Amino acid sequence: MHGTRSLALQTKQGSLAKVITTAPILTVPTTPFTDQKPGTSGLRKKVRVFQQAGYAESFIQSVFDAVPGHEGATLVIGGDGRYLNREVIQVAIRMAAANGFAKVLVGQGGILSTPAASHAIRKYGAIGGLVLSASHNPGGPNEDFGIKYNVSNGGPAPEPVTEAIHARTLEIAQYRTIDAPDIDLDRLGSTQVGAMAVEVIDPVADYAELMESLFDFPAIRALLASGFTLSFDAMSAVTGPYAHEIFETRLGAPVGTVVNGTPLPDFGHHHPDPNLVHARDLYERMMGPGAPDFGAASDGDGDRNLIIGRGQYVTPSDSLAVLAANAHLAPAYAGGLKGIARSMPTSGAADRVAAALGIPLYETPTGWKFFGNLLDAGMATICGEESAGTGSDHVREKDGIWAVLLWLNVLAARRLSVAAVMADHWAQYGRNYYARHDYEGIATPAGDALMAHLRESLSALPGTQTAAGTVEAADDFAYTDPTDGSVSARQGIRVLFAGGSRVVFRLSGTGTEGATLRVYIEACEPAGGNLTQPAAEALAPLVAAAEQLARIAHFTGMDAPTVIT
Ligand code: G16
């Protein structure tokens, strides 16, 4: 079926002229795909799944159908540069034109980091954005791709929206597109696609300006000029252009500070996951002789961060706590924080900071989307997750470069090493020893069976004797959003021991094959206790308790995790 769009335009003279576009709208029949339920962060699948005829189109149409008011609105589109990024962007632009959007803003080269996309949505008053990324998952023809929809506050679509999108994917019968050529994604400026304007924007400029408005750039510049050395690993992913501009150009760090700084469609065959396994090179450098003062990395789409001082790894949970405790040293947060939010599996280190500051602490399910309402309501200023995400109310996503800059701002103000900052923090607040054990690539039924076993044994767990002591309490975490009363149940099994130590079990919502079991292990040591143990030693009794209670080897057939972070 073909149609023709018309648009009434205001001419320079002020009279109304009717412009009839010639590009025909095509209505293409499709049948529902039954596997398009968004996970923890959008729809993530193997590239070959997205390459099925009509697959990406059906999901994008379902998004548009689930967003009321998109006719005449602005849409932001960008991605992390991975394989399929440019192709899906062209598809999305044509579909946006056919669905009546007035304008699309797209990052040059198809590039927009997740936090930069969030900022663009907010700055330009867009109704939302399509962020094309599978985050830290690998890229390439045999690897992963993803589409995430962000809403008008710049944040990931909250559950009611993702549920509406999913419901639509199950009933969709057609999608709309337009017969128009690809646009030149590499040339800045405006093009017309049908009746819709497409503007290719600089993906870095607005974001860099935002960062400069939040932090004390002169102080960080002075720190770097004083001989303080920094190494930032962009992991051949999206943060390369941002890091070159901000660290090297605006802050004056020497060229070479940013490594792997060119986004590649397959991330140079690596997993762009800033953890101790996939950012091993950086870790080795930071632990070796002649290490820089500060090392950091970010992930595929630029929202995660890894922080390592010379000889001192900082867990994401500790990083959240330290940043919250010291945020007042940065201009944007000098007036104090309204509250701190963390995901449930993230350690309780931030809770102690919130208590000391006399501000509320919110514990949410895993997924950045749960922070959006708290930030919008002005209830929280800083949020963080154990999965290497930290951010604030400057956007509605976690933000890797923001976290690095806040750390640098803190170090510039305190003139201490990372190790000294950590030692000082633990001495004041105590230490939450922490690790996450991932069992990747297990069969989905095996993962489900393990969780079912834990759920069935919940009521019997309190009182159970383990190597880590007696289980005090156990539950299946449920969250009631304090802003709208919405309830999210079955968010992970918590097993609690005396003094706040705990083990948490849940299945990942971001994998693309089989299931990944995540076991989060946390041992609390109060101030004045033994604060300098190797983490693996401090956690060993809880690791044994986790095996005893969940029978991990029995259900997964694995006697060790595939990744420990
Ligand atoms: C996403 C979410 C995060 C979540 C992480 C891990 O991050 O935005 O909130 O913590 O996945 O989720 P899961 O444990 O379900 O795999 P990203 O960086 O992948 O977008």
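Where a number appears in this text, it was derived from the coordinates with a stated rule and is not lab data. Please read all numbers here as calculations on a predicted model, not as lab measurements. Please note: Cβ atoms are built from the backbone with ideal geometry, for glycine as well, and neighbour counts cover all protein chains shown.
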Item to check | Qualifying residue in segment 158-168 (condition: crowded, with 22+ Cβ neighbours inside 10 Å, under 16 Å from the mean Cα position of the chain (by Cα), within 16 Å of the ligand (Cβ to nearest atom) and not in a helix (DSSP H, G or I)) | outcome: no
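Listed here are the residues, each with its yes/no results for (1) touching a Cys at 6+ places or on another chain (Cβ under 8 Å); (2) in contact (Cβ under 8 Å) with a residue 24 or more places away in the chain; (3) not in a loop (DSSP other than H, G, I, E, B).
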{"residue": "Y175", "(1), (2), (3)": "no, yes, yes"}
{"residue": "I183", "(1), (2), (3)": "no, yes, no"}
{"residue": "T191", "(1), (2), (3)": "no, no, yes"}
{"residue": "P203", "(1), (2), (3)": "no, yes, no"}
{"residue": "E209", "(1), (2), (3)": "no, no, yes"}
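Being more than 12 Å from the ligand (Cβ to nearest atom) and under 18 Å from R44 (Cβ atoms) is the filter here, so list the residues in segment 121-146 that pass it. Working first, answer last.
Filtering segment 121-146 for residues more than 12 Å from the ligand (Cβ to nearest atom) gives 121-130, 132, 138-143, 145.
Selection gives G129, L130, L132, P138, G139, G140, P141, N142, E143, F145.
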Checklist entry - Is one or more of the residues making up segment 341-353 surrounded by fewer than 23 Cβ atoms within 10 Å (Cβ to Cβ), more than 20 Å from A420 (Cβ to Cβ) and within 14 Å of the ligand (Cβ to nearest atom)? => result yes
Checklist entry - Do the conditions hold for S508, that is, is it more than 16 Å from the ligand (Cβ to nearest atom) and more than 30 Å from V421 (Cβ to Cβ)? => result no
Next on the checklist: Considering only residues that are buried (at least 24 other Cβ atoms within 10 Å of the Cβ) and either of a type in the set (V, I, T) or under 13 Å from N305 (Cα atoms) (or both), which ones fall in segment 226-243?
Outcome noted: F232, D233, A234, M235, A237, V238, T239, A243
Checklist entry - So, of the residues in segment 267-294 that are closer than 18 Å to D399 by Cβ and surrounded by 24 or more Cβ atoms within 10 Å (Cβ to Cβ), which turns out to be farthest from the ligand (Cβ to nearest atom)? => result F294
Checklist entry - Quick one: which of E386, E363, E397 is surrounded by fewer than 24 Cβ atoms within 10 Å (Cβ to Cβ) and charged (D, E, K, R)? => result E363
Next on the checklist: For segment 140-163, give me each residue that is out of contact with any Ser or Thr (no Cβ under 9 Å at 6 or more places or on another chain) and farther than 15 Å from G39 by Cβ.
Outcome noted: G140, P141, N142, V151, S152
Checklist outcome for this item: Across (1) outside any loop (DSSP other than H, G, I, E, B); (2) within 20 Å of F33 (Cβ to Cβ), Q90 clears everything bar (2)
Checklist entry - Any idea how many residues of segment 307-329 are crowded, with 24+ Cβ neighbours inside 10 Å and in contact with a Leu (Cβ under 7 Å, 6 or more places away or on another chain)? => result 3
Checklist entry - Using beta carbons and a limit of 6 Å, which pairs, at least six apart or on different chains, have the first residue in segment 410-433 and closer than 13 Å to F294 by Cβ and the second one part of a helix (DSSP H, G or I) and among the hydrophobic types (A, V, I, L, M, F, W, C)? => result V410/L329; A412/A219; A412/I220; A412/L223
Checklist entry - Which of (1) assigned to a helix (DSSP H, G or I); (2) in contact (Cβ under 8 Å) with a residue 60 or more places away in the chain does G107 not meet, given it meets every other one? => result (1)
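For segment 419-462, how many residues meet the condition of being of a type in the set (D, E) and more than 29 Å from P526 (Cβ to Cβ)? Don't jump to the end; show me each part of the working.
Of all residues in segment 419-462, those of a type in the set (D, E) come to 424, 438, 440, 448, 456.
Subset that is more than 29 Å from P526 (Cβ to Cβ): 440, 448, 456.
Here the count works out to 3.
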Checklist entry - When the residues of segment 106-120 are filtered to those that are closer than 21 Å to P68 by Cα and within 16 Å of the ligand (Cβ to nearest atom), which remaining residue is surrounded by the fewest Cβ atoms within 10 Å (Cβ to Cβ)? => result S118
Next on the checklist: For segment 509-538, which positions are surrounded by 23 or more Cβ atoms within 10 Å (Cβ to Cβ) and either more than 21 Å from the chain's Cα centre (by Cα) or at positive phi (or both)?
Outcome noted: I521, E522, A523, A538
Item to check | Evaluation of F228 against (1) touching a helix residue (DSSP H, G or I) at 6+ places or on another chain (Cβ under 6 Å); (2) closer than 30 Å to M287 by Cα; (3) of a type in the set (F, W, Y) (one fails), failing number | outcome: (1)
Checklist outcome for this item: Sole miss for A498 among (1) loosely packed, with under 14 Cβ neighbours inside 10 Å; (2) aliphatic (A, V, I, L, M); (3) under 30 Å from D144 (Cα atoms) is condition (3)
Item to check | Complete set of residues in segment 321-340 that are farther than 18 Å from I307 by Cβ and within 16 Å of the ligand (Cβ to nearest atom) | outcome: none
Item to check | A560 outside any helix (DSSP H, G or I), more than 28 Å from A427 (Cβ to Cβ) and free of Cβ contacts under 8 Å to residues at least 24 places away in the same chain | outcome: yes
